[in-house]
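Heads up: the structure comes next, in structure tokens.
None of the figures in this text is laboratory data; all of them are computed from the coordinates on show. Here the structure is a predicted model, which is why all the values come from computation and not from measurement. Every residue, glycine as well, gets a Cβ built from its backbone with ideal geometry; the counts of neighbours run over all protein chains shown.
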Amino acid sequence: MSGNFASLAKKRRTVYTLGKTLPVSDDAVVETIEEAIRQAPSAFNSQTSRALILLGKEHEKFWELTREQLRKLVPADKFQPTSDKIDGFAAAAGSVLFFEDQDVVKGLQEQFPLYADNFPIWSEHSTGIAQYAVWVALAEIGIGANLQHYNPLVDEDVKATWNVPASWKLRAQLNFGAIPVAHQAPEKGFIEDDARFIVAK
């Protein structure tokens, strides 16, 4: 594999230490995220993926809500490391919350009963593709990210705070922000190809 996509795929890495000063405008970030999701493929062109894009104080509000939900679960004497982790996420510039619209999934199940059992599975494929598409697109414009999964812990808070439709099911949260100048991603390791690929021709 060579060319622009290969270089972007290699550039897309998990970055945990993120800053708030982005290399492009907020509008450019939003446009990048929206276009990546628009262009992401989905079964039957169902376009089930949805997103809540949070910037600045709204992004910080999300992580504060998450912190308070975690406080209910983690013993007080062990909470500080969890709180520190949330501080790290809040230090980023924004978050993309990825959802799948269950009304669309149910509609497809009714319309195509032969494939009814598959549509929830295909919906999960769609969100994975959308998440990767956004992550690569952000990498292209010099923005780092890390993917988190605090659903379903925060689902009700998110719906109530940002008036998210009841049919949207939260699947993941992608933090994004400025990559520190000194950041150097560790070498990525790979399992043996023989354990991963089968080629028949």
Between LYS159 and ASP84, what FRET efficiency comes out of the Förster formula 1/(1 + (r/R0)^6) with R0 = 35 Å and r the beta carbon distance, rounded to 0.05?
0.80
Can you compute the modelled spin-label distance between GLU140 and GLU64, with each label point 7 Å from Cα toward Cβ, in nm?
3.5
Between LYS169 and residues 5 or more places away or on another chain, the pairs with built amide H atoms under 5 Å apart involve GLU100, ASP101, GLN102
What is the set of long-range amide H partners of GLN47 at a cut-off below 5 Å, with H atoms built 1.01 Å from backbone N?
SER42
The answer for the chain, counting only DSSP H helices whose Cα atoms cover 15 angstrom or more along the axis and whose Kyte-Doolittle average is 0.0 or greater, is 119-140
For the chain, which semi-axes, largest first and in whole Å, follow from the square roots of 5 times the eigenvalues of its Cα gyration tensor?
27, 25, 18
Please list, or write none, the lysines whose alpha carbon is within less than 16 Å of the alpha carbon of LYS57, excluding same-chain residues fewer than 8 places away.
LYS20
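Restricting to the chain, compute how many DSSP beta bridges are antiparallel as a %, nearest 5.
Around 95 percent of the beta bridges assigned by DSSP in the chain are antiparallel ones.
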Region 33-180, dipole about Cα centre (Lys/Arg Cβ +1, Asp/Glu Cβ -1), debye to the nearest 20:
180
Using each residue's phi in region 168-184, evaluate 6.51 cos²θ - 1.76 cosθ + 1.60 at θ = phi - 60° and report the 3J(HN,Hα) Karplus result to the nearest Hz, with x for Gly and Pro.
7, 9, 6, 10, 6, 10, 10, 7, 9, x, 6, 8, x, 4, 8, 5, 9
Tally Lys/Arg at +1 and Asp/Glu at -1 over every other residue whose Cβ is under 15 Å from the Cβ of VAL158; what's the total?
-3
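Can you tell me the length gained on complete extension of the stretch VAL30 to HIS149, counting 0.36 nm per residue apart and subtracting the Cα distance?
Additional length available on full extension: 40.7 nm.
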Simple spin-label estimate for ASN118/ALA43, 7 Å along Cα→Cβ, in nm, reads 0.6
Longest site-free stretch - the chain; sites: chymotrypsin sites (Phe, Trp or Tyr not before Pro), DSSP loop, at most 13 other Cβ within 10 Å:
1-189
Relative contact order of region 33-180, please, whole-number percent, based on alpha carbon pairs below 8 angstrom and at least 6 residues apart.
35
The farthest towards the positive end of the charge dipole of the chain, of the residues TRP135, PRO186, LEU73, given +1 on Cβ of Lys and Arg and -1 on Cβ of Asp and Glu, is PRO186
